[in-house]
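The values are calculated or read from the model by the stated rules, or taken from the named source; none is laboratory data. All figures in this text were calculated on a predicted structure; none of them were measured in a lab. Glycine gets a Cβ as well: all are built from the backbone with ideal geometry, and neighbour counts include every protein chain shown. These area figures cover heavy atoms from the full protein model, side chains too; ligands, DNA and RNA do not enter into them. Shrake-Rupley method; radii C 1.70, N 1.55, O 1.52, S 1.80 Å.
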Amino acid sequence: MDDLFSSEDDDHLFDLDYNPYARKRPLSRLDRDDYDETDEEEANRQKLYLVPYRWWKEAQRSVADEIVGILYNVLSNYDNADSEIVLDLRKEESSGTRVKMGEGVSSREYALVKEALWLRTLKWHNDSKTSEEDERYHCVGEGQSQEVFPLQIRLSFSPGTNSLLVTISLKDNAVDFYRRACIIFNSQSELLQIWDFSGQTSQFVMNEIINLPKFSPGKQGKEVLLELHVHGFFVFTNKTDERLAEPMKTENSFGKSRVRMNMNSDNLSSQLMLTNTSLSGSGYRGIGVLGLAGLQNLGNTCFMNSAVQCLVHTPQLVDYCLGDYEKDINHENPLGMNGELSLAFGELLRKLWAPGAMPVAPRMFKFKLAKFAPQFDGYNQHDSQEFLAFLLDGLHEDLNRVKCKPYIEAKDAEGRPDEEVADEHWLNHLARNASIIVDIFQGQYRSTLVCPVCKKVSVTFDPFMYLTLPLPSTTMRTMTLTVFSTDGIMLPMPFTITVPKGGGLKDLIDSLSLACSLKDDETLLVAEIYKNQIFRLLDGPSDSVALIRDDDKLVAYRLPKVSETCPLVVFSHQQLERPYGFGAMAPNWKLFGVPLIARIENLSSGSEIHYQFLKLLRPFLMPVEDVVNDYDGDETRNTVNENSKVEGIVSPLVSYSDAGPDSGEENDVHLNADFKFYLVDKPGSSEIKMNDPVPISSLTKNLDVTVHWSDKMIEKYDTCLLSSLPEVFKPQLFAKRHEESISLYKCLEGFLQEEPLGPDDMWYCPRCKKHQQAIKKLDLWRLPEILVIHLKRFSYSRFFKNKLETYVDFPIHDLNLSNYISHIDNQLSNCYQLYAVTNHYGGMGGGHYTAFIDHGHGRWYEFDDDRVFPISEDRIKSSAAYVLFYRRVREM
């Protein structure tokens, strides 16, 4: 397709540079194991159905295309039908014309149709039965049914009479089915006629005529064994007889046709009777409601199953694939798949709409898909919307009715009315792209770009296949961070704040600054802690909080606003770990606690580093009473007196209020014994001595220091406070979280609002002659028959993915877009009704897809792989809704 039919902000779902059709590859072992050649043989085999012509013709009133049929007059050897029936089909001279829906119909006319046409007719009658208000039109008495039964027939061509001979033999069929055939093909009462709308008989005759020189003149051609499926002939049984018939002209008291005839076969008396009630398709044994077959999960294929179910229940697509859509296959399109994908999809749709409601294994469809699309190879989970985008684009290329795409040069839109430019773009698009997908799924939007420098305005009109609506950033997120002070007074304190889920680091810092009463001369530095180390600093204002996971541990350091040229010193803590037991390894230093941070001005010697670390530790000192009672040395116990308490000196060994960078040698001895400081990743001896110079340059911005703690200091400081750090968000087991709600209209407004282009998506301004970060505005201009709305729940980054669980309140019956479309077409409605939903349950690591389908008249069903069951309408809206399918309806 010329344009990628997707909306903005969706690049992660579809790579513009990737062409899935450009190469083929050998199948993987998993694909080969899953592929069965019998599946393809079954798909290619044409099934033929014999039905009452009146039953078939009644459904054709809603079909726009006229269908050409061949009419045959049928003669039979009914007098000698004990073991074999021979039907002589002779072409009517006026045959071959298009069927006129208003002409009279004989009660002895049958129709021969392909399976797809039979399914479409069956669906039409089934839908009519469901919508009928009078119960008598779709209620069949107990024991009554319309069965489909197979007949094995032998077809041959008679050159002498230029007719087709059909032989139905008792030896080829079950006795029960053969008896029914005897009744159906009885031609004693009046002339029997068969309309062939399958094209199979004329093709067979043509082949036989071509091969006539190979056979002796006057001899009958070779016989071909075929299976014929018979349906629509009313049957009801009791203990004594079986009755079967077809419509007659005689009217009964209910205005229904009725016929009676007697026939003796193997001393069995069969009375035949039929009313037109049977022609509605009601009572078909095993049908109930069509289109309720599930799809087997082949291994993580729920993403595919949910999207396929939504597509195969799209009304226009169902009617199209149950018709003669093969004529639209474009075998010349290099972007297509030579019709293989469309044929596989059409065959899958027919199986899902066939009577019986048995789960279908989509092996053939997946095989064809994987053959041309390596991203769907194997059994990995994929994004259902990404799969949908590929499938719709692939079906379009396969079914594009334009065999040779013309080159059309785009004209300058400046100075012309938008209506004229939009129609021009749309006609140019249709000149190159014309398919059922374009007809029903595609709309058009207006894209306006404004240069922020020269105010140049550029307007283009582009097609779209679906709308990707962002969930507004007003959706909030609760986060907990621990604030560490560097003033040596306050203990660490956790703060719980609320920030937009799609917000940036600036939103987080603003909210946290307000919560912790940050002073004007202070700033916050946010860091992620992992395994007692700083894993990363969050210092980019544009960094998204979506990158922060709930199980992360974050701290915010309160730092004074000093020059950024002052190095940032990070203190990591280590204690000696002594393994116990036989064979224990040697002691080693192990990290613990939360690193501490400080900015040090005029850093020249180790004294500044020692002093700053002791200052940061001051809030973690144990109470003096505990220190006095626990300390072992009598000498030191005597040194701790009331004066030290008054002066606020709480250290058991050193008077930290006096211990500045130039403290005496006595303090140096104690510090060297209790803490040892080392520069990280420095060659040779990296210990930092008190008065020794620190080996750093003026360009050093960060300085990593490891501090070794003695056992004595472990006891004197509250290391539990130093190690306690909560997660960003820890859900409570029994706490019910408030479910945030946002309107679908609000999401649409967010999609249509002005926004600046990103730094990586700049627009080249033809007036400025350079790339500019233009202001972009989208407007809906032309709406499609089927509107697909993708709720952008997943966000992707370099590190991980995130899912938004926001509850979107979307309309089910009355989505009205009149206020959101820029171009009003009075001939088309802007109202839509929901008919399908793709749901995603779970998170990014693993999840499950299902589909909700409206089967008409408010009957909703959930399609969960091979399980299909009814659900109430009030369950349709949930926070799992991912892709919404709307169909156009008349304005209320």
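Which sequence of LYS57, LYS689 reflects their accessible areas, 1.4 Å probe, from the largest down?
Sorted by accessible area, descending: LYS689, LYS57.
Please list LEU343, LEU449 in order of solvent-accessible area, largest first, computed with a 1.4 Å probe with all protein chains present.
Listed by decreasing accessible area, they come as LEU343, LEU449.
How large is the accessible surface of TRP860 in square angstrom, using a 1.4 angstrom probe and rounding to the nearest 10?
The accessible area comes out at roughly 10 Å².
Tell me the per residue accessible area of the stretch 746-892 using a 1.4 Å probe; a whole number in Å² is fine.
In whole numbers, the stretch 746-892 has 48 Å² accessible per residue.
Taking the alpha carbon gyration tensor of the stretch 533-618, what are the square roots of 5 times its eigenvalues, largest first, to the nearest whole Å?
They are 30, 23, 10 Å, listed from largest to smallest.
What accessible area per residue, rounded to a whole number of Å², is obtained for the stretch 301-349 using a probe radius of 1.4 Å?
With all protein chains present, the stretch 301-349 gives 27 Å² per residue.
Taking a temperature of 37 °C and a viscosity of 0.692 mPa s, what whole-number D in µm²/s does Stokes-Einstein yield for the stretch 433-545 with Rh from Kirkwood over alpha carbon pairs?
For these conditions, the coefficient is 176 µm²/s.
At 1.4 Å probe size, what's the solvent-accessible area of LEU228? Round to the nearest 10 Å².
About 10 Å², rounded to the nearest 10.
Check GLY504: other-chain or 5+ apart residues with amide H under 5 Å from its amide H, H built from backbone geometry?
For GLY504, the qualifying residues are VAL545.
At a 1.4 Å probe radius, which order do HIS813, HIS857, HIS823 fall into by accessible area, largest first?
HIS857, HIS813, HIS823
If I compute solvent accessible area with a 1.4 Å probe over the protein chains, what percent of it on the stretch 748-880 is carbon and sulfur?
That share works out to 46 percent.
Which of the GluC sites (Glu not before Pro) across the stretch 408-458 are loop residues per DSSP, with 12 or fewer other Cβ within 10 Å?
Here the GluC sites (Glu not before Pro) that fit, given the DSSP loop and packing criteria, are GLU409, GLU414.
Please list 3J(HN,Hα) in residue order for the stretch 428-443, calculated via the Karplus relation 6.51 cos²θ - 1.76 cosθ + 1.60 where θ = phi - 60°; whole Hz, with x for glycine and proline.
Karplus-based 3J(HN,Hα) across the stretch 428-443 equals 5, 5, 5, 5, 10, 9, 9, 8, 4, 5, 5, 4, 10, 9, 9, x Hz.
Using each residue's phi in the stretch 790-795, evaluate 6.51 cos²θ - 1.76 cosθ + 1.60 at θ = phi - 60° and report the 3J(HN,Hα) Karplus result to the nearest Hz, with x for Gly and Pro.
9, 7, 7, 7, 9, 10
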